[in-house]
Structure formats: C-alpha cells, structure tokens
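Trainee: There's a structure below that I have some questions on.
Bear in mind that the values in this text are calculations on the coordinates, not laboratory data. The structure presented is a predicted model; accordingly, all values stated were derived computationally and were not measured. Cβ sites come from the backbone with ideal geometry, for glycine too, and all protein chains shown count toward neighbours.
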Amino acid sequence: MPVSSLNTRYFDDVYRASNDPWSFETSPYERAKYEATLAALPREHYTNAFEIGCSIGVLSQLLASRCDALLAVDASELPLKTARARLEPYTHVTVRQMSIPNEFPEGQFDLILLSEVGYYLAVQDLQRARRKMIDQLTKDGHLLLVHWTPVVHDYPLTGDQVHETFMEMSGPDKPLKHLLGQREETYRLDLFQKI
C-alpha cells in the first residue's frame, strides 16, 4: 500500500476517465449505504454540517434537507461541477474545492461526515485531519464515518484502519463517545459524539 496520501492529481485522473467513477447515482449498494448513513444520524436537523469528500453531490443532496447550512468539499474540482449543478436549488449548501488536512474550513460544526475518504490519507495526515475535526466539532456534535472495508491496493489505509484511528479517541477521558457501530459485508459505519 502507498505510504503517502493520494494527491489531487490522482482524483483528477479518476474523474477525467468517468463523471461518476464509483456509480454514486446508479448503484444499489450506494443507495443502501446512503439510507444507512442518514438513518444513523441521531438528530433530524443540524445547524452547520461539513461533508468531506462530496464528489458529485449525491449524498450532499440527501443531507441538504437535514441542515440549516452544509459545506460540501472535495479534493478535485472536476466532480464539483456536477455537485454545484445538482445542489444549485439548495441555497444553504456551499460547495468548495478543499484538500484535507492541509486545507480545513473555519468555524464550528455540529455534524461532520467523513464518508469513503479517510483511506486516501496516510496515517499521519488522517491523524492531523482527526484532530481538526474534533477541534471544530461543537460540544455534543456528531462525527459520522462510513468506509468501504476491503483492501484496495492503491489506498494508503483500509476503512477499518480509518475507523480504528477514530476509535482511539473514544472512551473515558477521551474527547469522543462512540454511539453506534454498524458493520455490513463491505462497509463499516461508526458514529461518535463530542463530549
């Protein structure tokens, strides 16, 4: 597996080859995972949400009705053209090109969603991103992780390694409380709350 984070050029190449390389719009797997993601959220409504890795905005559109404000970001500008068109009716949604952890938004969020993104980061970058997420999560705010768990040789980490990195920050005298763990055949979902 690679030891450094995958860079923006990697994702630009993927999106040049296909507008929807992971079939977010059409895959029954993705649809079921989105339903599980939304069902895992304990609150019907969030004030200020941050979605890391929005791609073409399919999940962002589903999240939009549950947030007063949503910042949806992706490392590559290419899928964001589709995301902006999809999310144009939602004036409370902002779509930006941003590559975490080197870039991170200002402000506090009561929901941060890291879905199918963490395994693109090398462990030291994931740890930096984790610190920023925890710092910018409001008290009692929710952090939701959803990741594919089979090994992908292009990726620096597996989905399980990503989730275990966050599990290290939950428990007594830690900043996160683990509220929900759900494992399906090919993905894992974990929900945390800042305490």
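Trainee: Mind giving me the nanometre distance, one decimal, between the label points for D12 and E44, set 7 Å out from Cα along Cα→Cβ?
Mentor: If labels sit at D12 and E44, their model points lie 4.5 nm apart.
Trainee: Taking θ as phi - 60°, what are the ³J(HN,Hα) couplings along the stretch 169-174 by the Karplus curve (6.51, -1.76, 1.60), each to the nearest whole Hz, with x for Gly and Pro?
Mentor: Each residue of the stretch 169-174 in turn: 9, 10, x, x, 6, 10 Hz.
Trainee: Let's see if you can work this out: charge +1 on each Lys and Arg Cβ, -1 on each Asp and Glu Cβ, no other charges. What is the dipole magnitude of the chain about its Cα centre, in debye to the nearest 20?
Mentor: My answer is approximately 280 debye.
Trainee: As a footprinting exposure proxy, order C54, C67 by other Cβ within 10 Å, with the fewest listed first.
Mentor: C67, C54
Trainee: Put +1 on the Cβ of each Lys and Arg and -1 on the Cβ of each Asp and Glu in the chain; which of M167, S76, T37 then has its Cα farthest toward the positive end of the dipole?
Mentor: Value computed over the given set: M167.
Trainee: Of K132/K177; K81/K132; K132/K194; K139/K174; K33/K177, which sit over 19 Å apart, Cα to Cα?
Mentor: Over 19 Å apart, Cα to Cα: K81/K132; K33/K177.
Trainee: Could you work out the relative contact order of the stretch 8-194? I mean the mean sequence separation of Cα pairs under 8 Å and 6+ apart, divided by the number of residues, in percent.
Mentor: Value for the stretch 8-194: 17 percent.
Trainee: May I pose another question? Multiply the residue gap between A85 and Q182 by 0.36 nm, knock off their C-alpha separation, and tell me the result in nm, one decimal place.
Mentor: Working it through step by step, the gained length comes to 31.7 nm.
Trainee: Sticking with this one: Which of S27, S99, S60 ends up with the largest GNM mean-square fluctuation for the chain, with Cα atoms connected below 10 Å?
Mentor: Most flexible of the set in this elastic network: S27.
Trainee: For Cα extents along the principal axes in Å, several values are listed as (i) 88, 34, 27; (ii) 66, 29, 29; (iii) 46, 40, 32; flag the one computed from this structure.
Mentor: (iii)
Trainee: Here's a follow-up. Counting other beta carbons within 10 Å of each residue's own, what order do L180, L113 fall into, fewest first?
Mentor: By the 10 Å Cβ count, ascending, the order reads L180, L113.
Trainee: For T26 paired with D135, estimate the spin-label separation in nm (one decimal), with each label point 7 Å from Cα along the Cα-to-Cβ line.
Mentor: The two pseudo-label positions are separated by 4.3 nm.
Trainee: How big is the antiparallel share of DSSP beta bridges in the chain, given as a percent to the nearest 5?
Mentor: Restricted to the chain, the bridges split so that about 40 percent are antiparallel.
Trainee: Cα centroid distance between the stretch 68-146 and the stretch 1-40, in Å?
Mentor: 14
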